[in-house]
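These notes concern the structure reproduced below.
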Amino acid sequence: MTILAFDTATPATTVALSGVGNAVFTARHDPLPGERPGHAAHLLPLTARVLEKASIGWEQVDRIAVGIGPGTFTGLRIGIATARALARARDLPL
């Protein structure tokens, strides 16, 4: 089972993919001190990067997971909304 996971609860934006062989693929954006997190700008590009690293496409993702906090309201909303949209688009469990 291939699981794509997001975490936007902290200033970092993190994406991970497991279930492709024995590897776990990750991508992360850490904002510079004083910089805004930019979750909305980084989440989907990081997701595309992880899928590319794993050499798989969206159609091979079986499940989506997302961190639900605690964390900042805006960060959590971005992660949860993105995960829900992707899960609904492919009729995947969330």
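The values are calculated or read from the model by the stated rules, or taken from the named source; none is laboratory data. Only a predicted model underlies this, so the values are computations on that prediction, with no experimental measurement involved. With ideal geometry, Cβ positions are generated from the backbone for all residues, glycine too; neighbour counts draw on all protein chains shown.
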Does region 7-61 hold any residues that are assigned to a helix (DSSP H, G or I), surrounded by fewer than 16 Cβ atoms within 10 Å (Cβ to Cβ) and aliphatic (A, V, I, L, M), and which are they? Ala41, Leu44, Ala48
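From the list Asp30, Asp62, which one is in contact (Cβ under 8 Å) with a residue 60 or more places away in the chain, more than 12 Å from Phe6 (Cβ to Cβ) and acidic (Asp, Glu)?
Numbers: Asp30 fails: in contact (Cβ under 8 Å) with a residue 60 or more places away in the chain.
Residue meeting the stated conditions: Asp62.
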Taking the condition of being more than 23 Å from Val61 (Cβ to Cβ) and of a type in the set (Ser, Thr, Tyr), how many residues in region 4-42 meet it? 1
Could you say whether any residue in region 73-91 is assigned to a loop (DSSP other than H, G, I, E, B) and in contact (Cβ under 8 Å) with a residue 40 or more places away in the chain? no
All positions within region 36-73 that are at pLDDT 95 or above and β-branched (Val, Ile, Thr): Thr47, Val50, Ile56, Val61, Ile64, Val66, Ile68
Consider Ser55 carefully, then state whether it is more than 19 Å from Ala87 (Cα to Cα) and among the polar types (S, T, N, Q). yes
Filter region 1-44 for residues that are more than 17 Å from Gly75 (Cβ to Cβ) and aliphatic (A, V, I, L, M) and give the result. Met1, Ile3, Leu4, Leu17, Val20, Ala23, Val24
